[in-house]
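Report on the structure given below.
The values are calculated or read from the model by the stated rules, or taken from the named source; none is laboratory data. Predicted, not measured: the structure shown is a model, and the values here were computed from it. Neighbour counts run over all protein chains shown; Cβ positions are idealised from the backbone, glycine included.
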Amino acid sequence: METEKHRITVDIIIPTYKRPKLLCNAIESALIQTYPYIQQIIVTDDACDVETRKTVETFMLVDPRILYVCNTKYLHGPAGNKSNGMDYVKSDYFLILDDDDVLVPNAVEELIHAVHDGEYDFVLANCLDSNGNYTGKHYGRKQQVSYEDFLCGKFVGDYLWLNRSQVIAKLKFDDKIYAGEHISIWNALKNSKAFYLHLPLKHCKTEGERVSGQEIKKANYWFQIYLETLDNFSEDFSKYCPRRLLYFTLLLFFYGRLTGKTRQIKGYPKEYFRKTKNIAFLLPYIELVLPKPLLVYIWKNIRSHKAKRKQQYTRTL
C-alpha cells in the first residue's frame with residue numbers, strides 16, 4: 001500500500017504574456033507528465049489577454065486541473081506575474097515553467113524522487129538550449145548545493161526549480177524589480193536544504209549572457225537589480241567570495257553610468273575596499289570616466305568571453 005510520503009502533490013505555474021501559441025506547448029508538456037499527483041496547472045496571465053484566455057479555456061474543457069488567473073495584484077513584469085501564480089499554490093511543492101519552455105515527460109517524477117531521497121526544500125535540474133547544451137553550470141554529477149554555491153557563482157544559469165511551498169513567503173519575487181528573481185532565490189536558500197539533479201528536464205530558449213541592445217534599453221531595470229543585489233548580499237560576498245563583490249560593483253557602475261545614476265553609488269567601491277583591502281576598488285571609478293561607447297564595447301567583449309566560457313562548462317556530459 002502506498003504511503004503518504006509517496007503522495008507529494010505538485011503545482012505547475014506557467015507565467016505568460018501574449019504568446020498563446022508557445023503557451024500551448026508549455027501546457028501540453030505539463031499535461032503529459034508521468035507523475036500522478038500534479039494537482040494544479042496554474043496559468044498566470046500578465047496581460048489579461050483575451051486570446052490567451054480562450055486558448056487556456058480550450059485546455060480547461062479537457063482537464064480540470066488547469067486554472068487560469070490574471071495578474072491584477074502585482075506590478076506587471078516577470079517577477080510580479082510569477083508571484084501572482086504563487087498565490088494560488090495549494091500543493092506541497094511547485095515549479096515555474098516559462099511559457100516558451102517545455103518539460104520532458106518525466107521531469108516532475110525525477111524531481112520528486114530526489115525529494116524522497118533527502119526531504120529537500122529545493123531540487124533543481126538542468127535544461128537544454130536549442131543547441132543541445134545545458135543552460136546551467138554543472139560539475140557533471142548530482143550533488144547537494146548551498147546558498148554559498150549560488151552566491152559565489154558555483155551554480156549560475158537557467159535551471160528548473162522544484163520548490164517546497166512552505167518557502168513561498170521567503171521566495172516571493174519583488175515586483176518592483178523587473179527580473180531580479182535571484183535575489184529572492186538566494187535569500188530563500190539560506191538555512192534551506194537543496195539538491196542539484198544532473199539531468200536535463202526542461203527544454204528552453206535562451207539568448208545567452210551578453211550586453212544586447214535590449215539589455216541596454218532596459219538599463220534602468222538592471223541598475224536596480226544590481227543595486228538590490230549589493231544591498232542584500234555585500235556582507236556575505238565579502239565573507240565568502242570577495243571577487244563576486246567586485247563583479248557586481250562593476251556591473252552596478254556600468255548600468256549606473258548608462259542611466260546617469262552614479263551619484264548615489266559612488267560609495268560602493270569604498271565599501272568594497274573597506275571589506276577587502278583590495279586596490280581593485282579603483283576599477284568602478286574608471287568606468288565613470290570612460291566614454292560610454294568605449295564602456296559598452298568593453299562590456300560586450302567581457303560578456304562574449306563569459307558566454308564562451310559558459311559553453312565550456314555547460315556542455316552536456
Quiz prompt | The listed residue being at pLDDT 95 or above, surrounded by fewer than 17 Cβ atoms within 10 Å (Cβ to Cβ) and not acidic (Asp, Glu), out of 142, 176 | solution = 142
Quiz item: Which pairs have Cβ atoms under 8 Å, sit 6 or more apart or on different chains, and link a residue in the stretch 98-127 that is free of Cβ contacts under 8 Å to residues at least 24 places away in the same chain to one that is among the small types (Gly, Ala, Ser)?
Solution: none
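Can you find a residue that is at positive phi, modelled with pLDDT under 85 and not aliphatic (A, V, I, L, M) anywhere in the stretch 283-302?
no
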Exercise. Would you tally the residues in the stretch 223-246 being closer than 18 Å to residue 287 by Cα and free of Cβ contacts under 8 Å to residues at least 40 places away in the same chain?
Key: 7
Quiz item: Can you list the helices (runs of 4 or more DSSP H) found entirely within the stretch 124-228 that contain at least 1 residues being over 27 Å from residue 33 (Cβ atoms) and not acidic (Asp, Glu)?
Solution: 147-151, 181-189, 213-217
Quiz item: Looking at the stretch 47-62, is at least one residue of a type in the set (Val, Ile, Thr), under 23 Å from the mean Cα position of the chain (by Cα) and in the same structural domain as residue 176 (by TED's automatic domain parsing)?
Solution: no
Quiz item: Which one of these is of a type in the set (Phe, Trp, Tyr), closer than 18 Å to residue 35 by Cβ and either more than 14 Å from the chain's Cα centre (by Cα) or not assigned by TED's automatic domain parsing to the domain that holds residue 168 (or both): 93, 88?
Solution: 93
Exercise. Grab the helices (runs of 4 or more DSSP H) fully contained in the stretch 1-112, keeping just those with 3 or more residues being under 25 Å from residue 194 (Cα atoms).
Key: 78-86
Quiz item: Does residue 163 qualify as being in contact (Cβ under 8 Å) with a residue 60 or more places away in the chain, polar (S, T, N, Q) and farther than 23 Å from residue 245 by Cα?
Solution: yes
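Just to be sure before I move on: is residue 315 modelled with pLDDT under 75, in contact with a Phe, Trp or Tyr (Cβ under 8 Å, 6 or more places away or on another chain) and closer than 30 Å to residue 134 by Cβ in the structure I sent?
yes
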Quiz prompt | Test: residue in the stretch 268-286 that is in contact (Cβ under 8 Å) with a residue 40 or more places away in the chain, surrounded by fewer than 18 Cβ atoms within 10 Å (Cβ to Cβ) and of a type in the set (D, E, K, R) | solution = yes
Quiz item: residue 121 is checked against (1) in contact with a strand residue (DSSP E or B) (Cβ under 7 Å, 6 or more places away or on another chain); (2) more than 14 Å from residue 8 (Cα to Cα) and fails just one. What number does that condition carry?
Solution: (2)
